[in-house]
Amino acid sequence: MNSFCGRKLVRNIFVKRRLIFLLAMLLIGPFPVMAAVKDEKSTVPEKKWSTELQLKRYFRSHTSYEFGNPLPPFQAPLSRLEFPMNTWWAGGEARRSFSRFSAGVEVLASIPMESDSLMKDSDWDDESRPDVKTIYSESQCRMEPSYMARGDVDLKVGDWLGMPVWFDLRPVAGVRWQQFTLVAHDGSQTELGNPSESLPGDSIRFKQTYWQYFAGIRAAYDLDRHLKVLRLKLQGQLDWAYVDGYNSDHHLLRTGNRMTYERTKGDAWHASLGLKAGLTDHINAGVEFEYLRIRTEGSHQLVNDTFGIDFSFDHGVKVWSDQFNLMMRLEYMF
């Protein structure tokens, strides 16, 4: 087992390094050659820096996981847990623009609050009827201090491709990191054939982390040519990411120190579309809709120190997330 884990760790490190190399090549590979044969006419932007205040509201969003039974009859799923994350987030972004590219960092934190949806916990643990849901519970779910960050670099290529000045096209690459801490509490549980029972107090403390190494396309369309009154831009981004996921689940109502861990890998698709309006020469305001879809698979580990339990398996282990949000932003350029 130790030898297998070692080989797996080496392979994961190799995959990450290769991915980072490919992302770098996407940005810098063909373009220096193109620049050498073209007359470079780009100018340094008048305002090189921008800072932005952001307020996000997530809706219809969750992070979830499930695992199967590693023993006969091998039902999958054996257990599924779905954590809502419909909450408010606040933060900001700083970006530095150059003649040919820009680089930015974004950091946001959750506003600790109750999600407006319920956490759902389902089990299929009857080996004689593996397709029957035998246990189901719903609980309130609060978001405790949670964080996300993004760093990216984009490269201006529209003029190299002969596109008009009012359409800015840029390949973009970077890293997104998300860490959610969610606590299920004050719920009720129903077992097949038995009356419902209450689950007072905190029942599950769950933490999910996603590392996303992404590459894609960013674009901006200048609407001034259609609307002369406002300085409006339509902006969007589409990207794909390789994802590393890790979570921990502490079942607080179980006997002993009962913990489970998922280590998963997969991919994600991300899309955003928004409008930005110029209020003054230095201030812009905008609104943006964003969707992130994460799908990963991997291994499940169960640990209970009290009973000396520690075993792992990979049958039917899935971790996934769907994240919708609407963001309001206020930008200052200088």
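For this structure, a couple of remarks:
- When the stretch 271-302 is filtered for residues that are of a type outside the set (A, V, I, L, M) and not in a strand (DSSP E or B), the ones remaining, listed by number, are Thr280, Asp281, His282.
- Checking Val172, Val105 one by one, the residue that is within 19 Å of the chain's Cα centre (by Cα) and surrounded by 19 or more Cβ atoms within 10 Å (Cβ to Cβ) is Val172 and no other.
- The lone exception for Thr190 - which of (1) assigned to a strand (DSSP E or B); (2) at pLDDT below 95 it fails: (2)
- Cross-chain or 6+ apart pairs with Cβ under 6 Å, the stretch 94-122 first and within 19 Å of Arg60 (Cα to Cα), then of a type in the set (Asp, Glu): Pro112/Glu144; Leu118/Glu138; Lys120/Glu82; Lys120/Glu138
- Looking across His282, His270, one residue alone is crowded, with 19+ Cβ neighbours inside 10 Å and out of contact with any helix residue (DSSP H, G or I) (no Cβ under 6 Å at 6 or more places or on another chain). It is His270.
- Look at (1) within 25 Å of Phe67 (Cβ to Cβ); (2) under 20 Å from the mean Cα position of the chain (by Cα) and you find that Thr190 fails only one, number (2).
- Residues (of a type in the set (A, V, I, L, M, F, W, C), more than 22 Å from Leu253 (Cβ to Cβ) and surrounded by 15 or more Cβ atoms within 10 Å (Cβ to Cβ)) located in the stretch 125-149: Met148, Ala149
- The set of residues from the stretch 303-327 being surrounded by fewer than 17 Cβ atoms within 10 Å (Cβ to Cβ), out of contact with any Lys or Arg (no Cβ under 8 Å at 6 or more places or on another chain), assigned to a strand (DSSP E or B) and not acidic (Asp, Glu) comprises Ile309, Phe311, Ser312, Phe313.
- Test: residue in the stretch 234-243 that is in contact with a helix residue (DSSP H, G or I) (Cβ under 8 Å, 6 or more places away or on another chain), surrounded by 15 or more Cβ atoms within 10 Å (Cβ to Cβ) and under 30 Å from Val319 (Cβ atoms): yes
- Among the residues of the stretch 247-267, those identified as hydroxyl-bearing (Ser, Thr, Tyr), within 27 Å of Val175 (Cα to Cα) and surrounded by fewer than 17 Cβ atoms within 10 Å (Cβ to Cβ) are Ser248, Tyr261.
- Residue match in the stretch 245-258 (condition: more than 22 Å from Lys56 (Cβ to Cβ), assigned to a strand (DSSP E or B) and among the aliphatic types (A, V, I, L, M)): no
- Taken as a whole, the structure leaves Ser122 outside the set of residues that are buried (at least 18 other Cβ atoms within 10 Å of the Cβ), at pLDDT 95 or above and either touching a strand residue (DSSP E or B) at 6+ places or on another chain (Cβ under 6 Å) or assigned to a strand (DSSP E or B) (or both).
- Failed condition for Gln208, given (1) under 17 Å from the mean Cα position of the chain (by Cα); (2) surrounded by fewer than 17 Cβ atoms within 10 Å (Cβ to Cβ); (3) farther than 21 Å from Glu331 by Cβ: (2)
The values are calculated or read from the model by the stated rules, or taken from the named source; none is laboratory data. As the structure is a prediction and not an experimental result, all values here were calculated from the model. Methodologically, a virtual Cβ is constructed for each residue, glycine included, from the backbone with ideal geometry; neighbour enumeration extends over all protein chains shown.
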